[in-house]
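Working notes for the structure below.
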Amino acid sequence: MTPPPPLLAIEGVTRSFAALRAVNGVSLALPARERRAIIGPNGAGKTTLFNLITGQLAPSGGRILFEGEPLTGLAPHTIARRGISRSFQRTNLFPRLAVLENLRLAAAADGRGSYDLLGSVGRLAAPLARAREVAAEVGLAERLGEPAGLLSYGEQRQLELGVALATQFFSAAAALPGAVFSVWHNLSGSLLAAYWGRRETTRNSE
Amino acid sequence: MSYRLATFAVLLAVFAIVPSFFGNYHVKLLQEILIWGIFAMSLDLLMGYAGMVSFGHSAFFGIGGYVAALVLKQSAGTLGALVFPALAAALAALVIGFFSIRVSGVYFIMLTLAFSQMFYAYTFQVAWLGAEDGIVGVPRASVLGVDTTTPWAFHLYVIALAALALLVLWRIVRSPFGHVLRGIHENEARMEAIGYPVNRYKLLAFAIAGLLAGVAGSLYAQFSGSITPDAFFWTTSGEALLMVIIGGTGTLGGAVLGAATFILLQSFVSTYTERWMLILGVTFITFVLFAPGGIVGALKGRIGLRA
Amino acid sequence: MPEAGAPRPGPHASPVPVLSDVLAQALNGLSYGVLLFLLSVGLTLIFGMLDVVNLAHGSFYLLGAYAGLTLIAVTGSFWLALVAAPLVVGAIGALLERGLLRPLYRRPTLDQVLLTFGLIYLFEDMVKWIWGGKIRSIPVPALFSGSVTLGPLTIPSYRLFVIAFGFVMAVVLWLLIEKTRLGSIIRAGVFDAEMTAGLGINISRVFTGVFAFGAALGGLSGVIAGPIQSAYPSMGVSILIPALIVVVVGGLGSLKGSLVGSLIIGQAETFGKAWLPGLSMLMIYLVMAAIVLLRPQGLFGRPLK
């Protein structure tokens, strides 16, 4: 029996900055429903690789395929809409906006209703509900009204995780809503474990 | 909320009856403030909510003015007073915006400045637009069946448009679209990463702002009966910028306050001293340094009004 | 002051520009280019190092012209004014940077750009206050008050002086920037201010110094421009846009770019005004827009961060 095609396929990807080869012929095949960790010393090129996957950078060579479709050269928002979400190494939030709004923006990113010029945000029920749900999952349910910039560092990392989670797009292949593939960049193991634990608890209690 | 709506209504009523108590000079001042207020509010949408600091907003003001002037002299109706100027300005904003949003920061400033200067250079030279003297003899029109050629009617017309502009912008910044703009202002890269086609939103914001600036320009042509290439000059954009910052960036109403400050300084202060430009410059610099929230920000801090 | 020119052709002259006309315009373009060069060097270095587009840079030009006017009136010596006025303007620049701009360094650079815009109003009105709003002519130094005839051309000697002075200044500035330690600090700061600070150099003093230096050069340009353009309060605003265009075309942060840019724009504007008034400015703005869109670092600027 042939193994299923990988969800994410990185094939011989390189990225150079002038003379510096930051990523040098990396290949990786990631099947669905699996977790991988990429570790390495400073300067190894981890951040560059993540930026190549989610589109902040374009590869100098090689290609990246998601669900069999190439991602190379696509804009970050297009890649996100294919079903890839990520967190960032340095906290990359919306500092003056409230925690709830940070999450709601992520949840509303599919664009439905976002071009509404005269309507009310309150009437977009689905993103608001998803935002509250994610807030609970990452342990920020008590801090919804707080501007993101005023959270503690740990809370900001939780929100960072939350924003990546709240981003959800419909993936045709998987036929399921939800961020299909997530890049957790610089989120501590304990943070992720706590999240997974909470999610299991929430699910088990349904 | 209804408290604010009530204040707004009272203010409009007060403006409406100004001609009964004040002479021509003061009435014209008020109208000029409201017209520039529309122009400055449209810039505030760009600057305060979408985070795009443009030095070329005068392009749309000028286009609105010139298109209005040209059409109104042929036929003084709604098309010339509102429809064509707004459409022309919006179209220009789509084109200019399409190129300008590809760059940001200082480069955005210089690119938008270059575009508006192109219009200045063109209108200054060509005879069919009156060259340096521009177009004169612009009539007031019959708008949507209402005759605005009498002083009273025109006065109410200006107030109505200003109020409408404020209400429309107010709804827009509170809408889902407005929230996206604010997200872009806060962290454009993150918005891009979570799936928003940021350029599309910026372009739409640019077009809306351009459209409203065009309405202001058209109104200005009807107000003064003429339009000159100066409407396009980069200092016109700069003056709108001053108004937004003095009033309070990102407050909408602040832009009108800023317009009032500028125009009152220009007219009243200049009767006592010639140094109104100096006072304006110092005021502006003081605000930038110490009160980046502008007048509205300062008021909120003192009286504790909610956002 | 008359422009360089040839004796006016008779009524049946050919409509095609005569060589002497072309040469005359080229010389006018060259002397205008010198003014642009001196002004834009400061603007480009300030942007390169502090990331600030100093919209008030035209004000240094303005202040230089008026300082020159007063110094000449008081001392009778153009040469004294040539040395002293830039120093005065440089001092003003230093005060500006330390007092008004430095508090804003932690804020987005756009705030600093906006502040410099407010300065335009301030300086223009202060000049009007002190010297009045009327245009004031500035006498040409006695040494150069005549004209020189080269073949069919009659050129005011002062314009030749301006061109020669520009050439000398270009060499001096090049030596300063490329060959001295101070120059290498400036170049490093333009390239990467943070790293330069990391090398143990007091970068805030360098900022003040570069700002003052740029201001002084702008003031120098104003002094020299005085006898040609006279002095009027809005002359700062008038020359700001051409200077900005030079900096965009030449490349932000590049001395070579300033030189090449000002030569190009100087000729383009001069010939444009003479032959194709409206269209030429339109095309210049188109070029500016094209460069910002397609090659934002200009001809010689550093690659963008």
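The values are calculated or read from the model by the stated rules, or taken from the named source; none is laboratory data. Remember, it's a predicted structure, so these values are computed and weren't measured experimentally. For neighbour counting, all protein chains shown are included, and Cβ atoms are generated from backbone atoms with ideal geometry for every residue, glycine included.
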Out of the residues in the stretch A:59-97 that are farther than 22 Å from residue A:159 by Cα and charged (D, E, K, R), state the one that is nearest to the other protein chains (Cβ to nearest Cβ). A:82
Would you point out the residue of the stretch A:105-136, among those that are within 11 Å of chain B (Cβ to nearest Cβ) and charged (D, E, K, R), that is farthest from residue B:174 (Cα to Cα)? A:110
Test residue C:102 against the criterion of being at negative phi and assigned to a loop (DSSP other than H, G, I, E, B), and give yes or no. no
Look at the stretch C:137-166 and say how many of its residues are over 20 Å from the mean Cα position of the chain (by Cα), within 19 Å of residue C:221 (Cβ to Cβ) and in contact (Cβ under 8 Å) with a residue 24 or more places away in the chain. 3
Picking from A:143, A:130, the residue that is crowded, with 17+ Cβ neighbours inside 10 Å, over 18 Å from the mean Cα position of the chain (by Cα) and not assigned by TED's automatic domain parsing to the domain that holds residue A:50 would be A:143
Contacts under 6 angstrom Cβ, first residue in the stretch B:185-197 being under 22 Å from residue C:110 (Cα atoms), partner of a type in the set (Phe, Trp, Tyr), 6 or more apart: B:186/A:94; B:187/A:94
Residues that are aliphatic (A, V, I, L, M) and outside the structural domain of residue A:167 (by TED's automatic domain parsing): find the strands (runs of 3 or more DSSP E) completely inside the stretch A:10-92 holding 2 or more of those. A:20-30, A:61-66
Residues within the stretch A:21-34 that are without any contact (Cβ under 8 Å) to a residue 40 or more places away in the chain and either of a type in the set (Gly, Ala, Ser) or over 19 Å from residue A:63 (Cα atoms) (or both), tallied: 6
From the set of residues in the stretch B:157-183 that are in contact with a helix residue (DSSP H, G or I) (Cβ under 7 Å, 6 or more places away or on another chain) and among the β-branched types (Val, Ile, Thr), which is farthest from the other protein chains (Cβ to nearest Cβ)? B:158
